[in-house]
Structure formats: C-alpha cells, structure tokens
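Undergrad: Can you keep this structure in mind? I'll have questions shortly.
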Amino acid sequence: MKTIGYAAQSAESPLAPLAFERRDLRPDDIAMEILYCGICHTDLHMARNDWGWTVYPVVPGHEIVGRVIEVGSEVTRYRVGDAVAIGCMVDSCQHCDQCLKGEEQLCREGNTNTYNSPDRVTRDITRGGYAKHLVVRQEFALRVPEGLDLSRTAPLLCAGITTYSPLRTWGVGPGSRVGVIGLGGLGHMAVKLAAGFGADVTVLSRSKAKETDAQSLGADRLLVSTDAAAMTKAQSSFDLIIDTVPVKHDLNPYMPLLDIDGTLVLVGQIGPLAEPSSIPLIMGRRRIAGSPIGGIRETQEMLDFCAKKQILPDCEMIRMDQINEAFERLERSDVRYRFVIDMASLKS
Ligand code: NAP
Ligand code: ZN
C-alpha cells in the first residue's frame, strides 16, 4: 500500500514529506487510515538521535488513532470502519511469560516498537504514525471506547499508559500521596489519572508558571522544585513520585520527599543518572524504579477508564507541516499539554 508520511533523514535535518509503502496485509493484520497522531517527546529524542539508535529515515509517531480500512483473512477482532488506536508497540514474541501475562512491553525477546524497530518477519524498519496509513497485527490494536473524543484520544496511547501503569503497579488510590515531576505531556496525564484514582496530587515544576494549570488539571498544589525551603518542608510527604523529566537531572533533591517505603519511578530520561546518594534510599527504605509504557491489556483498561471518567488530554491541534515548529516548542516546554497532528492536513 502506498502512503505518505513525514520523516527525518538525519539528526540535523527537519522533518519533511516521504512517500513509502506499507506491507501487504498478513492474515492477522489490519490496515488503518490514521486520523490523529500525538507528538511525544520520544519522537523528538528519536528524530535527533539523542539515544544513539535511530535508523534514518525515521517516521516517528506512537500515539495513533484512526479507522480500519481493510482486514486480513484471519482477523476476528476488528471490522472495516472500527475506531482503533495504536501505541508504542506493534509486535512481540507472544509466547514468553511476559507476553502471556499481557505485559508485552516486557517481552523477553524485546517488543517491536511502532517505529525504528526491525519487523519480526521482514526485518524492515518500522515506521510510525506521522503518516496517512498504518498496517499492524490485530493483537496490537486497541479499541477506542464509545464516548472518547477521537481528536483527543491519541495522547492516551503513550502519555496516558506510561503514567497509568505505574499508578496501578504501585497501587495508587484514595489517600495516596502522589508527586509528578515535570508538567508536560506525560506529567499532565499523570495528574489527571492520579486525581481520577482519588489521590492527593502535587506537581513538582521548575517554576510557578504552571500553578493555575496544575490545579485546573486536578492537582492539589504545585511545589516549585527550585525553591529549597519549600522542598525541605515537603520532606517525607509522598508515597509515589513519577519523574517525567526528559533530560539528565539530579535525583537527590527529590529522594527525601518520599515517605518511608516510598518509590520514585523514572519514566522520562533514558541514560545515565547524575549520581544519586544512597543515604535517603537506605535510611528511609526508599526506592528508585523505572517503568516502560504498559501492556496491551492494561492499555485497553486505561482507555476504558478514561472513557468512563472522561479523562482526556489537553491538546493543541496542529497541521502536519507545522511539525518542525512543534518540535522546537516541545523542546522549550512550550506546549499545554500535548500537540496532536490532524492527519487530514497531510495531503497525498
Ligand atoms: P514534555 O511534554 O516535554 O514534558 C517534559 C516536562 O519535563 C516539561 O514540561 C518540564 O516540566 C520538564 N522539563 C523539561 N526540561 C527539563 C529540564 N531541563 N529540567 C527539569 N525539568 C524539565 O515531554 P513528555 O512527552 O512528557 O516526555 C517526557 C519524557 O518521557 C521524555 O524523555 C520521553 O522520551 C519519555 N517517555 C518515556 C516513556 C516510557 O515508556 N517510560 C514513554 C513516553 C515518553 P516543567 O516545566 O513543569 O518543569
Ligand atoms: Zn511516547
């Protein structure tokens, strides 16, 4: 199938249109027309090769919503016309203990990312959602529940599940005290979801600039992480802190904020940490953990939860040809709180 997308050809080049082909449908594949695609900070990291493993040309995009336009001969789950969503994975081994538990994100063989991963059959590098069409096996498509606004659903597929999963893993509910470091795409979903679970939520931001926003998103307060006195006052007051900061940063100011047995879960930066001290870890039996996206089953659970509670991201809709400007703004944290590409703006 011929399609068109936007790709970066190198770490330095802006994204530009690219015509390419999607694979012929395998028996359990669906083909979809992409309607919306969210812009995750990971897309920016990958376009710029921040992690050193980008294969060019790269077509980013892993917050994808659209409609089924064709189904393979053995597809049972979807029909033409269904609203479907794709997140960060498009395949996994499907037989290891993790896949059998529905934790495909932890597949022992490594899951196949929606973009920049070798396809398990052809070894061709996968291409993501900054495009008109996508072909994907039915097991990795999510059903968009009735009542979710399609134009605001895409960011749930990465920012939503990446923050929902640790909230569930660490049993957040009424009475839990949750901190969220960085009020961006992931951070604002963490706030909405934690508030949706009935937690007491604090945003930890670099300045007071987002204070009113934090409260209207559902946070109980905003704590300025650069205000040493306020940080000291907040010691031992969190059960869980979700850290969404996208760059290397110092964890030492945050560790003492955890109560005994509290956990700081890293979901943002990938790479070496600036030397964390073991003192707060040992003395308070505190933990540092990490968490990658979530499994397919949990992603569906999250979508259903968001539909029921009407929890949706705050989106700024852009045209496909505004992508480079959007990347620049994302780098400056100038987005409230997720860019979404209206794929109708991408003409073949
Ligand atoms: P984003 O929208 O840019 O938000 C990041 C937020 O972090 C910013 O809004 C800002 O909040 C804060 N921040 C930015 N630069 C900072 C700096 N130099 N020092 C301290 N704080 C800073 O990004 P996102 O889309 O939420 O993604 C965040 C990170 O998560 C990225 O690295 C992305 O690759 C990663 N990610 C991981 C997973 C996973 O599976 N674990 C999934 C998706 C994304 P304030 O202005 O409030 O300080
Ligand atoms: Zn993402």
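Undergrad: Here is a list: G171, G160, G187. Which entry is in contact with a Cys (Cβ under 8 Å, 6 or more places away or on another chain) and either within 28 Å of R329 (Cβ to Cβ) or not in a helix (DSSP H, G or I) (or both)?
TA: Being in contact with a Cys (Cβ under 8 Å, 6 or more places away or on another chain) and either within 28 Å of R329 (Cβ to Cβ) or not in a helix (DSSP H, G or I) (or both) holds for just one of G171, G160, G187, which is G160.
Undergrad: If you don't mind, another one. Can you tell me how many residues in the range 12-34 are open to solvent by 30 Å² or more (accessible area, probe 1.4 Å) and more than 12 Å from M320 (Cβ to Cβ)?
TA: The total comes to 12.
Undergrad: Output the residues belonging to the range 33-85 that are more than 15 Å from ligand 2 (Cβ to nearest atom), touching a Lys or Arg at 6+ places or on another chain (Cβ under 9 Å) and aromatic (F, W, Y).
TA: Y78
Undergrad: Would you point out the residue of the range 48-60, among those that are open to solvent by less than 40 Å² (accessible area, probe 1.4 Å) and touching a helix residue (DSSP H, G or I) at 6+ places or on another chain (Cβ under 7 Å), that is nearest to E325 (Cα to Cα)?
TA: P60
Undergrad: Which residue pairs have Cβ atoms closer than 9 Å, lie 6 or more positions apart in sequence or on different chains, and pair a first residue in the range 276-293 that is more than 20 Å from S165 (Cβ to Cβ) and touching a residue at least 12 places away in the same chain (Cβ under 8 Å) with a second residue that is of a type in the set (G, A, S) and not in a loop (DSSP other than H, G, I, E, B)?
TA: G284/G262; R285/G262; R286/G262
Undergrad: Next question. L217: closer than 19 Å to F305 by Cα and within 12 Å of ligand 1 (Cβ to nearest atom), yes or no?
TA: yes
Undergrad: Hey, another quick one. Confirm whether R329 is charged (D, E, K, R) and in contact (Cβ under 8 Å) with a residue 12 or more places away in the chain.
TA: Criteria not met by R329.
Undergrad: With the condition kept exactly as written, say whether any residue in the range 67-81 is within 16 Å of ligand 1 (Cβ to nearest atom) and either open to solvent by less than 10 Å² (accessible area, probe 1.4 Å) or farther than 30 Å from P14 by Cβ (or both).
TA: no
Undergrad: Moving to a separate point now. Go through (1) open to solvent by less than 50 Å² (accessible area, probe 1.4 Å); (2) free of Cβ contacts under 8 Å to residues at least 12 places away in the same chain; (3) not aromatic (F, W, Y) and name the single condition I4 misses.
TA: All conditions are met except number (2).
Undergrad: Report, by residue number, each residue of the range 145-157 that is away from ligand 1 (no atom under 15 Å from the Cβ) and either in a helix (DSSP H, G or I) or surrounded by fewer than 24 Cβ atoms within 10 Å (Cβ to Cβ) (or both).
TA: Residues satisfying the conditions are P145, E146, G147, L148, D149, L150, S151, R152.
The values are calculated or read from the model by the stated rules, or taken from the named source; none is laboratory data. Remember, predicted model here, so these are calculated numbers, not experimental data. Note: ideal-geometry Cβ built from the backbone for every residue, glycine included; neighbour counts use all protein chains shown. All accessible areas refer to the heavy atoms of the entire protein, side chains included, with ligands and DNA or RNA removed. Shrake-Rupley method; radii C 1.70, N 1.55, O 1.52, S 1.80 Å.
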